[in-house]
Structures are given as structure tokens and as C-alpha cells.
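Here is the structure we will look at.
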Amino acid sequence: MTVPVPVAAGRARLAQVPAGLHRFGGESSCTAVIAFISDIHANLPALEAVFADIDSLGSVDGVYCLGDVVGYGPQPVECLEMVASRCKVILMGNHEHAVIFGAYGFHAPAKRAVDWTREILDSVEPLPRRKVLRQLIEGLPERHEMGDLLLVHGSPRDPVMEYVLESDLWEGSDPEKMDQIFNGFQRICLIGHTHRPGVFTTDRCFLASSEIGEGFDVSDGKYLVNVGSVGQPRDRDTRACYTLYTGDAVYFRRVAYDIAETVRRFKTVPQLEARFAERLTRGE
Ligand SMILES: [Fe+2]
């Protein structure tokens with residue numbers, strides 16, 4: 001839900017901002033509101049709903065994509081072209097990497113989806129459109145820095161492949177993993193990949209977006225923020241997820257979309273496993 005909030009001069013300017021922005025009303029050098037999307041996974045109805053939500057906010061100054069535009073889903077070309085037309089930066093996800101270099105380490109159904117995605121991209125007509133898409137996907141960077149923000153798909157120490165999970169905080173997990181990850185960035189690192197939105201803190205806590213509520217103050221300290229998944233959320237909330245950053249806070253946005261329509265489009269592609277569609281109806 002959004003409500004109109006007066007915005008002070010020099011601060012982020014949105015016609016509408018998520019309720020709660022005023023809670024983080026300290027002085028901020030930020031004059032931009034940025035949206036981060038990730039893990040679209042060729043789910044066009046979800047992507048369209050997210051961009052409609054971003055547009056409804058009034059003046060988000062830029063959208064950045066943290067990778068996995070393709071994979072699993074039925075509309076990779078449409079999603080790649082929409083993301084390319086709307087985003088300032090698109091990072092390499094492990095599914096783009098698999099399309100280019102091969103789906104090593106993927107389970108069989110995911111590999112079939114990658115192979116089908118590659119076939120679709122290789123058969124796009126006309127040829128110039130195919131070349132543009134090919135150059136786009138082959139040229140994706142693995143990381144992007146902007147001020148004190150680091151953007152990667154996976155983790156700072158392995159930008160494309162590594163998962164950072166809540167279980168990495170549990171007793172018995174590799175004690176050096178989170179230390180090395182937090183040493184790998186300056187102040188705020190934004191990631192995707194796990195499809196589970198929330199904030200990792202330096203005191204080794206994970207706050208799921210569902211626990212955070214309206215927004216989370218990141219004006220001071222060091223944080224690893226998972227921005228969630230547009231096209232395949234796995235936190236038992238079926239709505240598309242993306243994240244706004246205002247310079248002093250992050251806001252996790254959930255957007256309802258027509259899941260039944262995405263499921264219908266899945267069924268037109270026999271190479272895609274039925275459970276990839278079914279899981280959308282459960283958010284897992
Ligand atoms: Fe993903």
C-alpha cells in the first residue's frame with residue numbers, strides 16, 4: 001500500500017512513497033530513489049506488474065537489474081527486451097551464464113529450461129534483433145559499483161554463482177563465509193539469487209522482508225540486502241518482489257500479478273517443467 005508523503009527539499013522525490021519513509025527522516029545526501037529488480041526468470045506478467053508499480057510511484061530515478069532475467073520461465077526474449085529498455089544496468093545471473101557457457105551444476109529440469117532458452121534466443125527473428133540480444137547477454141557485467149553500493153547477483157566473493165542463505169548464519173555453517181562476504185564490500189551490497197528478500201546485518205542476523213514491514217533504515221552501518229525475486233519468489237509470498245533504495249532506507253515492495261496467466265503461458269512450452277509453474281502458486 002502506498003500513501004502520499006510530503007518530501008523535504010533535497011531528499012528523495014517520489015509522488016508517492018511507501019508508508020514509513022518519514023520514519024527515516026534524517027539528513028540524507030541522496031537525491032534519487034533507485035529500484036532494484038532481480039530474478040525475473042522469464043515471467044513477463046510479473047515483470048510488467050513490477051514496472052507498473054515503479055511507474056505508479058512517480059519518479060524512481062533508475063532501475064537496476066541484478067540478473068537472472070531468463071531461465072525457468074516461458075518468455076525470455078520479451079523479458080530481456082523489457083529489462084534492457086528500462087534498466088540502467090543488468091548484471092550477469094547464473095542463468096544467463098548458463099545460457100552462454102552451459103548449464104553446469106544445474107539439475108536436469110533447470111538445464112532443459114536453459115537449453116530451451118538458448119534455442120529460443122538463437123532463433124529470434126530478424127537476425128539484427130537476435131544479434132542485439134546475443135550481444136546483450138554476452139556483455140553483462142558481473143558486478144557494478146555506484147558510490148558505496150555494490151551490486152552483484154550472488155555474493156561479493158563469487159558474484160554470479162554463490163548463494164548467501166539464512167542457513168549460513170546457523171551453528172555449524174562455515175564461520176568464515178559471512179566474514180569474507182562482509183569484507184567484500186564497503187557499506188551496502190545488493191544481491192539476488194536466492195529469491196528470498198531481506199537484510200543480513202553485521203551482527204549475523206537475517207531479517208526477512210516479511211519481518212521488516214514497511215522499510216529498513218540503512219543510513220548507518222553495513223548491510224547485505226537481498227532484493228527478492230520478481231518472477232519466482234521463494235518466501236511463501238506469491239507476489240512479485242523488488243526493492244526501493246532511498247539513500248537511507250530500503251523498502252521491499254510486493255506486487256500482485258496474474259499468476260494464472262503466467263501458468264497458462266508455461267503450458268505452451270512443453271520443455272518447461274510443470275512444477276516451475278506450480279511453485280509460483282505457492283511462492284516457493
Ligand atoms: Fe534466480
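I want to verify the translational diffusion coefficient of the chain in µm²/s; compute it with Stokes-Einstein, Rh as the Kirkwood radius over Cα pairs, at 25 °C and 0.890 mPa s. Rounded to a whole number, D works out at 129 µm²/s. Helical runs (DSSP H, four residues minimum) scored at -39500 (n - 2.57) apiece and divided by the length of the chain put the mean residue ellipticity at 222 nm at -8500 deg cm²/dmol.
By other beta-carbon atoms within 10 Å, ranking D122, D39 with the fewest at the front produces D122, D39. Counting neighbouring beta carbons within 10 Å and listing from fewest to most, the residues C65, C205, C79 come out as C205, C79, C65.
At a Cα cut-off below 26 Å, give the lysines reachable from K131, other chains included and same-chain residues fewer than 8 away excluded. Straight-distance partners of K131: K88, K111.
Among the chymotrypsin sites (Phe, Trp or Tyr not before Pro) in the stretch 90-154, those placed in a DSSP loop whose Cβ has at most 12 other Cβ atoms within 10 Å are Y104. Highest-first packing order for the peptide set 240-248, 55-63 is 240-248, 55-63, based on the mean count of other beta carbon atoms within 10 Å. Close amide-amide hydrogen proximity is noted between L190 and L150, L151, V152, V225, each under 5 Å apart and 5 or more residues distant or on a separate chain (H modeled in the peptide plane; Pro and chain starts excluded). Cross-link reach is defined here as a Cα-Cα straight distance under 16 Å, omitting same-chain residues fewer than 8 places apart; for K267 the aspartates and glutamates meeting it are D258, E278. As a calculated quantity, the FRET efficiency between L169 and E261 at R0 = 30 Å, using C-beta atoms, amounts to about 0.20. Note on the stretch 32-266: dipole from Cβ charges, positive end direction compared against I34, G247, F216; the farthest Cα belongs to I34. Name the shape class, rounded, prolate or oblate, that the alpha-carbon gyration tensor gives for the stretch 138-213, where a ≥ b ≥ c are the square roots of its eigenvalues, rounded holds for a/c under 1.5, and otherwise prolate holds if a/b is larger than b/c and oblate otherwise. Cα axes put the stretch 138-213 in the prolate bin. Beta-bridge orientation, the chain: approximately 65 percent antiparallel, per DSSP, counting only bridges with both partners inside.
Coordinate-derived values only; no laboratory data. Values in this document were obtained by computation on a predicted structure and should not be read as measured data. Here Cβ is always computed from backbone atoms with ideal geometry, including for glycine, and neighbour counts include all displayed protein chains.
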